[in-house]
Amino acid sequence: MGLFQSWCEAAKENNKRKHYWTYVEKDAGRDEIQDDLVQRIRSHYDRLERIAEDVDRLGYKVAANILREAMPQTKKGRSGDLGEILATELVEEEIGLRVPVRRLRYKDGRNMAMRGDDFIGAGYGGKGEKLWLLKGEAKSNKVLGKSTVTSARKVLNRDSGRCTPDSLLFVANRLLESNNPDDNALGRSLRDEVGLKSLRADRIDHMLFTVSGNGPHASLKQDLAASGANRDQYVVNIHVEDHQDFIAAMYQEAEDLGDD
């Protein structure tokens, strides 16, 4: 069972190419997934095998210090990062596209937000197994309101709804640096798309992902209803009632590598 299936009760409304998904924590669901989620959080800041190498060479305390230097220390920074992390994991678990680059590993500063698209899903699908993309915007708020939803949709619609060229090129170049031939092939496809801009709108899906303490705000459904029907549109909310405490606890656990 996947992370979100174990953690939450999901309600999914799908109408042609429009998808409205809401998630609410199960009783004891958080306990069920805590260790898994903590590992996933760490993996977005560094490769787990590299963290393990640090532990072997330097011990748990020093390895934890190294990892902590990559993680945000402000409430705002942690909230924003966790929104992107959960969105990335949901795309791979529920939609089946890859989010091939963990971009939080490349931040200029641990408390700084990265520019560009929050997450990009990529893969091949449809007739002829052609390139398929998903452009995503993630928001994490103690209290989610209409202004946040409106601003997120504005970002999704810019560049004619396409992934921004700098974001796509960043992902492409990281994949081309890989030793994996499949990564190289996908990176080449993405780099070509930056120049050719050949993908039609119906092969570039959008996701507006939110995690919030007040649950799904009415503006989310309104936003989905007003969105274009020429691509798959995903509007997602994860309701975590103790939003701020949850984030603080997850990062405290993620920074503590233990001693065994």
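Extent of the stretch 162-219 along its three principal axes (Cα atoms, max minus min coordinate, largest first): 43, 27, 18 Å.
Largest GNM mean-square fluctuation across 131, 220, 97, computed for the chain with C-alpha springs under 10 Å, falls on 131.
Report, to one decimal in Å, the Kirkwood hydrodynamic radius for the stretch 133-260 based on all distinct Cα pairs.
Values: mean 1/r = 0.0595 Å⁻¹.
The Cα-based Kirkwood calculation yields 16.8 Å.
Which percent, to the nearest 5, of DSSP beta bridges fully inside the chain are antiparallel? Here the share of antiparallel DSSP bridges comes out near 40 percent. Entry comment: accessible area of the chain is 50 Å² per residue, from protein heavy atoms only and a probe of 1.4 Å. For the stretch 73-191, the equivalent ellipsoid derived from the Cα gyration tensor has semi-axes of 25, 17, 13 Å, listed largest first. Dimensions of the chain based on its C-alpha atoms, expressed as ranges along the principal axes with the largest first, amount to 52, 42, 33 Å.
Using mean Cβ contacts within 10 Å as the protection proxy, how do 4-17, 133-146 order, highest first?
Values: 4-17: 14.4, 133-146: 20.4.
Per-residue mean Cβ counts within 10 Å order the peptides as 133-146, 4-17.
Rolling a 1.4 angstrom probe over the chain with all protein chains present gives an accessible area of which 47% lies on carbon and sulfur atoms.
The values are calculated or read from the model by the stated rules, or taken from the named source; none is laboratory data. It should be emphasised that the depicted structure is a prediction, and the values quoted were computed from it without experimental measurement. Note that we place each Cβ from the backbone using ideal geometry, even for glycine, and neighbour counts take in every protein chain shown. Ligands, DNA and RNA are stripped out before the accessible areas are found, and what is left, the full protein with its side chains, is counted by its heavy atoms. Shrake-Rupley method; radii C 1.70, N 1.55, O 1.52, S 1.80 Å.
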